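The values are calculated or read from the model by the stated rules, or taken from the named source; none is laboratory data. Note that the structure is a prediction, hence the values are computed from the model and not measured. Glycine gets a Cβ as well: all are built from the backbone with ideal geometry, and neighbour counts include every protein chain shown. Keep in mind that these areas ignore ligands, DNA and RNA; they rest on the heavy atoms of the full protein, side chains included. Shrake-Rupley method; radii C 1.70, N 1.55, O 1.52, S 1.80 Å.
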Amino acid sequence: MPQDPITQKLLLDWFVDLDMPEGLRAELVEGEFVVTPVPDGHREHCLSRIVDQMHRHSQTDMQFSGNKGLRLKHADGCPQDHVIPDGTCAPKELRLFRGADPWMPCEGVAMVLEVTSSQPQIDREVKRRSYARGGIPLYLLVDRETSWITLFGNPESGDYQELHAVAFGKPLALPQPFAFDLDTTDFL
């Protein structure tokens, strides 16, 4: 729902100062608060498999940060999005994470990763649009409910214009700067 600029500023100020109880994390996406539990073991398993392959096979040396807060462009009539992807990848040479604020800008991020949570529609739709608005080149979604992994690319006009999806167990080609086939057999 669109909000006036004063309400947007108050909401954003309140959110940035929010202190969440242990075991929960909060995000501000398209003007809505999203509160989720910290990742469970299956989510961590999928993420660790992706990160391991990224470090072994990626054509470009990459850095990975788990649960790094990103500031992204806002949806119309909403305050600036503050999103916490399960994983954020950036070329190592950029050193984006060194000295970064808790909520860092998304410029230079090559890819974000999400493994669906208890609210999968947020990962499938709302966060997808938010990452595209931020201009993040690639969004990798591991959908545990459907047993599919999807790579979104070419962000334009507030959404991704390309997608490549495979069922768990099939390889998924990751483009530059990664340039390798992601093995998903262990996601089953």
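Brief remarks on what is shown
- Heavy atoms of the protein chains alone define the surface here; on that basis the stretch 51-130 has 45 Å² accessible area per residue at 1.4 Å probe size.
- Accessible carbon and sulfur surface of the chain relative to its total accessible area, %, 1.4 Å: 52
- Beta bridges from DSSP with both residues in the stretch 33-179: antiparallel share about 75 percent, rounded to the nearest 5.
- Look at the dipole of the chain built from charges on Cβ: of GLY31, ALA75, GLY134, the Cα furthest out on the positive end belongs to GLY134.
- Candidates VAL109, VAL16, VAL83: whichever shows maximal mean-square fluctuation once the chain is modelled as a Gaussian network with Cα springs under 10 Å: VAL16
- In terms of packing, defined here as the mean over residues of other Cβ atoms within 10 angstrom, the peptides 100-108, 19-27, 126-134 line up highest first as 126-134, 100-108, 19-27.
- Nearest-0.05 FRET efficiency for SER118 and ALA173, computed from C-beta distance (R0 22 Å): 0.15
- Of the options (1) 20.3; (2) 17.4; (3) 16.8, only one is Kirkwood radius over Cα pairs in Å as computed from these coordinates, and that is (3).
- Estimated [θ] at 222 nm from DSSP helical runs (n ≥ 4, -39500 (n - 2.57)) normalised by residues in the chain, nearest 500: -6000 deg cm²/dmol
- For the stretch 1-74, a crude dipole built from +1 on the beta carbon of Lys and Arg and -1 on the beta carbon of Asp and Glu, taken about the Cα centre, is about 340 debye to the nearest 20.
- Measuring r between the beta carbons of PHE180 and HIS45 and using R0 = 25 Å, the FRET efficiency lands at 0.80.
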